[in-house]
Every structure is written in C-alpha cells, then in structure tokens.
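As structure tokens, the structure follows; a few thoughts come after it.
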Amino acid sequence: MADSNPNKLTYGEYLQVPELIRLQAPQSSPPHHDELLFIIIHQTYELWFKQLLHELDAVVTNFQAASLAPQSRDAIYEAARLLRRCTEIMRVLVEQFTILETMLPTHFLAFRGKLRPASGFQSEQFREIEFLCGLKDEKMLQHHKPSPEMHAKLARRLQEPSLRDVFFSAIAATEIQLSSSGTEEEQFQARARGILALYQEEKKYRDWIDVCERLTEFDELLVSWRLRHIQMIERTIGVRLGTGGSSGASYLKHTLDKKFFPELWEARTLLTET
C-alpha cells in the first residue's frame, strides 16, 4: 500500500532545492549566459569549503583525543579516515577549474566589470581553512571587516590551536621526542626529526605514518589547487589586476610555497638512502 502521508519529507524539502536554485543572482543585464556558470562554480567551492571545515574540525578533535590517550589507536584511525575524505574533496576542487575553463576569455570579460570590488580574495571560508590548518596571518583580518560575524570567527581561529598544533601535540604524547624550546628554526627542525623518527620505525608507527601521508597529500593538493587557480586566471584574463584590487595571478604566485605542514616535507630531505 502506498504511503498516503501528505507531510512525508520530500527530496526537495530535505535539500531545500527551491531555495538553493534561487541563490544565483547574475549582475549583468541582460544576464550573460556564462555568468550563471561562474556563480555556480564559486558557490560550489564555498559549499566544499564548508564541508572541509566540518571534517578538519573533527580531525582536530581526534588529534586532541589521541593526545589524552596515546596508547589508543581509535582516534588516529578516525583522523586518517577523515583526512582521506578531505584529500578527495581537494581533488574535486582542483578538477572544477576544468569546467570553468570552458568559458571563453571574451565571455568572462563581458560581465567581469560587474563583479568589482568583489574578489575571491575575500573568501572567508578559505581564509578560515588557512587559519585552522596553521597558516595564521593577523593582517588578513582587515579584509573581512565588512562581515563582522565572519571577522569574529576568524579572530577566534587565530587564537585557537590549529590542526598543525594539535597534530604535533599528539605526536609528542607518544614516545617520539619533540623539543619545544629553542629558536623557531630549531623547533621546526626538531619536529621534522620527530616525523623522520616515525618513518624510521615504520612497523611501530604505521597508523601515524598513514596520517602523515594524508596530511602531505592534502598539502600537495592545496598547492595544485593554487597552481590551477593561477593558470585559470592567466588563461582567462592574462596579467590584469584582480577585481578586488590585488595583483591577480602575480599575487597568487607568491602563495605557492605556503604549506600547512612544512615539517612533513623537510623530513623527506632528512631521510637517508639505504
């Protein structure tokens, strides 16, 4: 017998599809055909950024749990599982540029002027991901003053322990020694040597190595995302200034060396051949 309950939840109600598809508001008049694609791609990025923040916050919680119970492997397993999800999301984010690149430069320039002074540089959730993972720069807060709620959230992220912080705190709770004294460079090298020690005792620390590999892959995909972003911009508008006043692709090129976990990369340099 068919369910006759008129109040049964529908697919559209659960996902709020009617509200969702009303959120695209082209600024060109009449609306340029490709502006809808531009809006949907960037809204999709923001949805994925929201999911990444959700997952990375859970990874932080698991690292904190691992610090309190270093003998338990449950939290490390869960952190690795969630980090795999994060890397797969990043892989999707990189590939999305392929869709955006189906837009001709002339078609983008037809409505680009309507975007000023808005800019991807103002993406508050991406900035939050950077702060959460450990790339904290207080000067960046000034770009988010127009949104008091998000400004407050970013200010809080600056004060909270980052993913990088709790990751190394959890490792320090094991038998691996990580020095917390000395200069910033000395502490950096101590953490890199701690990672090196994990890899040198692979059978003992397989779960931690799995985490390290997933964090390294996340870093790698972030750089790939930045690079594809630069290439997409140069392919579309050349070396023009960004709509928000930044130097566009030239500015983004300076971000390619920004990694969340540079110690994981340094440890590879310290490994010796056998």
Taking every C-alpha to C-alpha distance in the chain and binning by 10 Å from 0, the per-bin percentages run 6, 24, 30, 22, 13, 6, 1, 0
Which order, highest average first, do 33-46, 203-216 follow once you tally other Cβ atoms within 10 Å for each residue and take the mean per peptide? 203-216, 33-46
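If r is the Cβ-Cβ distance from ARG116 to ILE41 and R0 is 22 Å, what FRET efficiency results, to the nearest 0.05? Could you put the intermediate results ahead of the total?
Working: r = 19 Å, r/R0 = 0.85.
Efficiency, from the Cβ-Cβ distance: 0.70.
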Along the Cα-to-Cβ line of VAL92, 7 Å from the Cα, sits a label point; which residues in the stretch 13-44 have backbone N less than 12 Å from it? 44
Label zone at LEU23 (point 7 Å along Cα-to-Cβ), backbone N below 19 Å, the stretch 135-154: 147-151
With each pseudo-label sitting 7 Å past Cα toward Cβ, what's the ARG206-GLU13 distance in nm, one decimal? 4.9
For every helix of n ≥ 4 consecutive DSSP H residues, a contribution of -39,500 (n - 2.57) applies; sum these over the chain, divide by its total residues, and give [θ] at 222 nm rounded to the nearest 500 deg cm²/dmol. -20500 deg cm²/dmol
So for the chain, averaging the separation of alpha carbon pairs under 8 Å that are six or more residues apart and normalising by length, what relative contact order in percent results? 23
So, relative contact order of the stretch 1-151 in percent, Cα under 8 Å, 6 or more apart, is 25
Between the modelled labels at LYS50 and ALA69 (7 Å from Cα along Cα→Cβ) the distance in nm is 3.2
What number, in percent, do you get for the relative contact order of the stretch 52-106 if the mean sequence gap of Cα pairs under 8 Å and at least 6 apart is divided by its residue count? 37
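Quick one: if you take sqrt(5λ) for each eigenvalue of the C-alpha gyration tensor of the stretch 61-159, what semi-axes come out, biggest first, whole angstrom? Let's see the in-between values first.
Values: eigenvalues 242, 97, 11 Å².
One finds semi-axes of 35, 22, 7 Å for the stretch 61-159.
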What is the magnitude of the charge dipole of the chain about its Cα centre, with +1 placed on the Cβ of each Lys and Arg, -1 on the Cβ of each Asp and Glu, and no other charges, expressed in debye to the nearest 20? 720
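A short reminder: the numbers here are calculations on the coordinates, not readings from a lab. Keep in mind it's a predicted model, so treat the numbers as computed, not measured. Neighbour counts are summed over all protein chains in view; Cβ atoms, including those assigned to glycine, are modelled from backbone coordinates with ideal geometry.
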